[in-house]
1. List the residue pairs whose Cβ atoms are under 6 Å apart, where the first residue sits in the range 27-39 and is without any contact (Cβ under 8 Å) to a residue 24 or more places away in the chain, the second is surrounded by fewer than 22 Cβ atoms within 10 Å (Cβ to Cβ), and the two are 6 or more positions apart or on different chains.
2. Can you tell me which residue in the range 114-151 is surrounded by the fewest Cβ atoms within 10 Å (Cβ to Cβ), limited to those that are touching a Leu at 6+ places or on another chain (Cβ under 9 Å) and not in a helix (DSSP H, G or I)?
3. Answer yes or no as to whether Gly74 is surrounded by fewer than 17 Cβ atoms within 10 Å (Cβ to Cβ), under 20 Å from Leu177 (Cβ atoms), out of contact with any Asp or Glu (no Cβ under 8 Å at 6 or more places or on another chain) and without any contact (Cβ under 8 Å) to a residue 60 or more places away in the chain.
4. Tally the residues that are over 10 Å from the mean Cα position of the chain (by Cα) and within 15 Å of Ser99 (Cα to Cα), restricting the search to the range 184-212.
5. Please list, ordered by first then second residue, the pairs with beta carbon atoms under 7 Å, 6 or more apart or interchain, first in the range 1-24 and farther than 13 Å from Ala200 by Cβ and without any contact (Cβ under 8 Å) to a residue 40 or more places away in the chain, second open to solvent by 40 Å² or more (accessible area, probe 1.4 Å) and assigned to a strand (DSSP E or B).
6. Of the residues Asp111, Asp84, only one is of a type outside the set (Phe, Trp, Tyr), open to solvent by 20 Å² or more (accessible area, probe 1.4 Å) and farther than 30 Å from Val46 by Cβ; which?
7. Is it the case that Ser102 is open to solvent by 10 Å² or more (accessible area, probe 1.4 Å), of a type in the set (S, T, N, Q) and closer than 19 Å to Trp202 by Cα?
8. Evaluate the following for Leu35: is it under 27 Å from Val186 (Cα atoms) and either open to solvent by less than 50 Å² (accessible area, probe 1.4 Å) or touching a Gly at 6+ places or on another chain (Cβ under 8 Å) (or both)?
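The values are calculated or read from the model by the stated rules, or taken from the named source; none is laboratory data. These figures come from a predicted structure and were not determined experimentally. Every residue, glycine among them, receives a Cβ derived from its backbone with ideal geometry; neighbour counts consider all protein chains shown. Surface accessibility is based on the protein's heavy atoms, side chains included, excluding ligands, DNA and RNA. Shrake-Rupley method; radii C 1.70, N 1.55, O 1.52, S 1.80 Å.
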Amino acid sequence: MSDYRLMADVPVCVTPSGAYHAATAREDDAARRVLFGILSQPRTPVLTLPALVGWAGLGEEDALALLHRMQFLGWIAAEPVARDVPSVHMDEDMPALLSRMSARKRAMLADAEGFQLASSGFTHEAAEQLAALAAELTAVHQRYHGLVHGNLRLNAGGIALVDAAGHGQVCVWPLTLGSHSFLLIVAGVPLLHGRAFADAIWGLAHRYATPA
């Protein structure tokens, strides 16, 4: 029998690293399904065993062991007070979240076809062209996924345009939320370890992704 037990009345959130794994991992594994199960909720949930088992698709003991591992990896965390899902309207809310994902406050969100959805710090014309460039770079990256992740064994979730020192000047991350694909484009040093990124993924996942 497992020694793991769910703590009662403790809201659980997905951390920035957990949100990154959920949005960028290509494999549909049990951990990713649990993350999307939490992200699909309108409020940070208090986990129940039936919900955890249903999301993970595992037996009770294996599901609890998985939850323990996810907590150890820092993909989920307890919160003292439950929070409502952030609003992510593209015109009203997303620009402020995007600005907090870049040290230069220059970031944008586009769809997989290269159409800009929201931006911060870019002119409209620059954002349009950058979104189109990001879509083409992503298409090439996905075409050679087997080489990058298989033969070269590089754990590269994004694509970057770098300077002579190898520092990324513009970075692109393909994000998959349910059946919807997005491109997150960040100029300068990315700040994906903060709550802005986790909140953006939560809001988008709640709106677009359906738990398995």
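1. Arg32/Ala25
2. Per the criteria, the residue is Leu117.
3. Answer is no for this residue.
4. First, pick out the residues of the range 184-212 that are over 10 Å from the mean Cα position of the chain (by Cα): 185-191, 193-196, 203, 206-212.
Pick out the ones that are also within 15 Å of Ser99 (Cα to Cα) and you get 185-191, 193-196.
The number of residues fulfilling the criteria is 11.
5. Sorted first by the residue in the range 1-24, then by its partner, the pairs are Asp9/Val46.
6. Numbers: Asp84 fails: farther than 30 Å from Val46 by Cβ.
Residue meeting the stated conditions: Asp111.
7. Details: open to solvent by 10 Å² or more (accessible area, probe 1.4 Å): no; of a type in the set (S, T, N, Q): yes; closer than 19 Å to Trp202 by Cα: yes.
So Ser102 fails the test.
8. yes
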